[in-house]
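Here's the structure we're looking at; comments come further down.
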Amino acid sequence: MKVYRSLADINIEFATAVALGNFDGVHIGHQQILDAAVDLAGKLGAVPACFTFSNHPRELFAGDAELRDKILFISGDEEKLQLLEQAGIQVVFDVPFDEFTMNMSPEVFIKEILCDKLNAKGVSCGFNYRFGARASGDEKLLSQLGVGYGYETRVIRPVKVGGEVVSSTYIRCAVEAGDLVKANEALGRPFSISGIVVQGNHIGSAIGFPTANVRLSKRKVAPLNGVYFTRTTIGGKSYCSISNVGTKPTIGEYEKSVETNIFGIDHDLYGQSVKIEFLQLLRPEIKFDSIEQLAVQIADDIKSARRFHGIE
């Protein structure tokens with residue numbers, strides 16, 4: 001998959017069918033937009049593509065680093081690109097949202113970006129897609145001008161789960177509330193956290209429950225502090241697991257992280273890359289009066305996890 005990182009780098013001769021959107025999380029609503037672009041590409045003899053921004057538009061208005069850090073994403077850049085490729089997208093225009101794009105009129109965006117730069121013969125977007133200065137362009141304008149410029153437009157209607165419209169905000173709220181069943185239904189796959197296994201405080205090993213410890217990204221949404229049934233992938237192999245997200249209140253004050261007990265693994269994983277998929281919340285994180293009480297609870301949690309995974 002070819003990725004363009006700036007408008008200046010885009011110099012293509014082939015025709016495209018372009019999916020438009022932010023695509024944070026590439027949820028089931030986004031997937032319909034991407035599917036439409038792939039379908040249009042097949043119909044029109046074009047290359048399926050995606051035009052998105054490498055940063056969140058709100059970052060441009062955040063005055064300082066503290067405010068920018070509060071803008072959390074569902075998927076990191078690498079994960080997002082992998083999901084786009086899995087959806088059948090062959091070219092991604094992943095450019096910065098800056099003052100130039102922010103102040104561009106909708107008509108100029110359509111002519112100079114979609115038509116001149118991207119050579120779009122097909123365009124797909126969501127029902128609430130907005131673009132151009134003051135977000136004044138919408139899917140109606142996109143469709144209207146497409147007649148004159150010679151591209152076909154498909155607008156995807158709202159996709160709902162449990163009567164609610166699926167959006168990235170909907171999913172972030174579900175993850176932060178610990179409702180991973182709800183989040184995963186909207187994502188169309190399990191919410192996941194990937195990272196390198198780092199050294200922990202060895203408390204888990206000392207009480208008989210060794211864990212793989214992964215630091216959380218400050219720019220990615222994290223689940224509610226608690227214990228979760230999870231599935232962990234290492235080197236392409238998937239294992240049943242149970243994970244604690246939190247600050248380890250029983251043993252002290254620590255930075256929020258993920259500790260995962262992986263069933264079937266009895267060796268150190270330091271330095272290895274892991275992907276942890278969150279399936280369901282078992283219980284919120286609790287501060288116990290002693291390490292002994294914590295050990296008893298962990299043993300019970302692991303029994304629950306083994307039953308959940310069907311390996312007891």
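Tabulated values for the structure
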read-out: Solvent-accessible heavy-atom area per residue, rounded to whole Å², over the chain at 1.4 Å; value: 48 Å²
read-out: Choice from Gly76, Gly146, Gly163 with maximal GNM fluctuation in the chain (Cα, 10 Å cutoff); value: Gly163
read-out: Relative contact order [Cα under 8 Å, 6+ residues apart], the range 2-158, whole percent; value: 32 percent
read-out: Rounded to the nearest 10 Å², the accessible area of Cys173 at probe 1.4 Å; value: 80 Å²
read-out: Relative contact order of the range 154-312, defined on C-alpha pairs under 8 angstrom at six or more residues apart (%); value: 25 percent
read-out: For Lys256, residues with placed amide H under 5 Å, excluding near neighbours; value: none
read-out: Percent of alpha-carbon pairs separated by more than 25 Å within the chain; value: 55 percent
read-out: Probe 1.4 Å, all protein chains present, accessible-area order of His27, His267, largest first; value: His267, His27
read-out: Karplus-derived HN-Hα couplings along the range 260-268 (A = 6.51, B = -1.76, C = 1.60, θ = phi - 60°), whole Hz, x at Gly and Pro; value: 10, 9, 9, 6, x, 10, 10, 10, 5
read-out: Helix-only CD estimate at 222 nm, as mean residue ellipticity for the chain, using -39500 (n - 2.57) per DSSP H run (n ≥ 4); value: -8000 deg cm²/dmol
read-out: Helix 28-44 vs. the chain, principal-axis angle (Cα, 0 to 90°, nearest 10); value: 40 degrees
read-out: Amide hydrogen neighbours beyond the local backbone of Ala15, cut-off 5 Å, H modeled; value: Val47
read-out: Selected from Val3, Gly25, Asn119, residue furthest toward positive end of dipole (the range 2-158; charges at beta carbon); value: Asn119
read-out: Placed amide H near Phe73: partners under 5 Å, 5+ positions off or other chain; value: Lys220, Val221
read-out: Listed residues Ile110, Ala133, His56: farthest to the positive end of the dipole of the range 2-158 (Cβ charges); value: Ile110
read-out: Kirkwood Rh and Cα Rg combined as Rg/Rh, the range 190-309; value: 0.92
read-out: Label-point separation in nm, Ser143 to Gln199, each point 7 Å along Cα→Cβ; value: 6.1 nm
read-out: Length-normalised contact order of the chain in % [C-alpha pairs under 8 Å, at least 6 apart]; value: 16 percent
read-out: From phi via Karplus (6.51, -1.76, 1.60), per-residue ³J(HN,Hα) for the range 139-155 in Hz, x at Gly/Pro; value: 5, 5, 5, 4, 5, 4, 6, x, 4, x, 8, x, 10, 8, 10, 10, 10
read-out: Kirkwood hydrodynamic radius over Cα pairs of the range 109-234, then Stokes diffusion coefficient at 10 °C and 1.306 mPa s, in µm²/s; value: 86 µm²/s
read-out: Degrees, to the nearest 10: 291-309 long Cα axis against longest axis of the chain; value: 50 degrees
read-out: Candidates Lys121, Lys160, Lys80, ranked by Gaussian network fluctuation over the chain, Cα under 10 Å, top entry; value: Lys160
read-out: Two-decimal log10 I(q)/I(0) for the range 2-158, as the Debye equation yields it once each C-alpha is a single scatterer, q = 0.15, 0.18, 0.19 Å⁻¹; value: -0.75, -1.11, -1.25
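The values are calculated or read from the model by the stated rules, or taken from the named source; none is laboratory data. As the structure is a prediction and not an experimental result, all values here were calculated from the model. Positions of Cβ are backbone-derived with ideal geometry, glycine not excepted, and every protein chain shown enters the neighbour counts. Remember, those area values only see protein heavy atoms, side chains included, never the ligands or the DNA or RNA. Shrake-Rupley method; radii C 1.70, N 1.55, O 1.52, S 1.80 Å.
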